[in-house]
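This report concerns only the one structure given below.
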Amino acid sequence: MPQQQTNALLENAIKERGRIYLEIFRELSQRHGEAEAVSVLRAASRARGVAVGETLAHLAPRDFAGMAESYAKGADGGVTYATDIRRLDDACLEFQNMACPLKDSWVEAGCSDDEICTLLHCAAAWDEAVLETAGFDYEHETWAPGKQGCCRTKIMAKPET
């Protein structure tokens, strides 16, 4: 299968995941309130992130090039999220996702900026769990109205205690 076709399939699969997040969020909010919906979605995202983080633990504490390839760029070399590596050295990996199929699916569904920010907060629990479980310290900033691209992540070695 040509790479361009594979990338389109990956992007569509991520958008479908975004639509599922949205439907679950709305259903849980309607039945149990928004706070409970956020709690459930973050817990589910976190649980999956822990499992993924375990597969990256061999890269801790300082294989930032490995994290760039395995985590930041992912399966398609960074095409789907238009990953912009802003810093990669012995101290850290910092990158900005300039595109996000999850966010795009929510924009296409007519979500408000507030709803998109809430859904990104829920989805970010996955990233947080991946990085914590893998053994890294990090800063993770989700998109907000007026910001370019989507999430920004800085990965560093955990401070020695």
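Just so it is clear, none of the values below were taken in a lab; they were calculated from the coordinates. Bear in mind that the values here come from a model prediction, so they are computed numbers and not experimental data. Glycine also receives a Cβ, built like all others from the backbone with ideal geometry; neighbour counts cover every protein chain displayed.
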- Task: Enumerate the calculated ³J(HN,Hα) couplings along the range 134-142 in order (Karplus 6.51 cos²θ - 1.76 cosθ + 1.60, θ = phi - 60°), each rounded to whole Hz, writing x wherever the residue is Gly or Pro.
- Result: 5, x, 10, 8, 7, 10, 9, 10, 7
- Item | Candidate lysines - alpha carbon under 17 Å from residue 103, same-chain residues fewer than 8 apart omitted | 15, 147
- Query: Where in the range 15-33 is the amide nitrogen less than 13 Å from a point lying 7 Å along the Cα-to-Cβ axis of residue 121?
  - Reply: none
- Item | Modelled FRET efficiency - R0 35 Å, residue 9 with residue 160, Cβ distances, 0.05 increments | 0.25
- Message: Once you keep just the Cα pairs under 8 angstrom separated by 6 or more residues, what percentage relative contact order results for the chain?
- Response: 29
- Query: Based on the Cα coordinates of the chain, what is the per residue volume of their convex hull in Å³?
  - Reply: 122
- Message: Please arrange 39, 45 by how many other C-beta atoms lie within 10 Å of their C-beta, fewest to most.
- Response: 39, 45
- Query: Taking the Cα centre of the range 3-157 as the origin, how large is its charge dipole in debye, to the nearest 20, when only Lys and Arg (+1) and Asp and Glu (-1) carry charge on their Cβ atoms?
  - Reply: 140
- Once phi is turned into θ = phi - 60°, what whole-Hz ³J(HN,Hα) does the Karplus curve with 6.51, -1.76 and 1.60 give for every residue of the range 75-81, x standing for Gly and Pro? 5, 10, x, x, 5, 4, 9
- Task: Let me have the 222 nm mean residue ellipticity of the chain computed from DSSP H runs of 4+ only, each contributing -39500 (n - 2.57), with the sum over all residues rounded to the nearest 500.
- Result: -18000 deg cm²/dmol
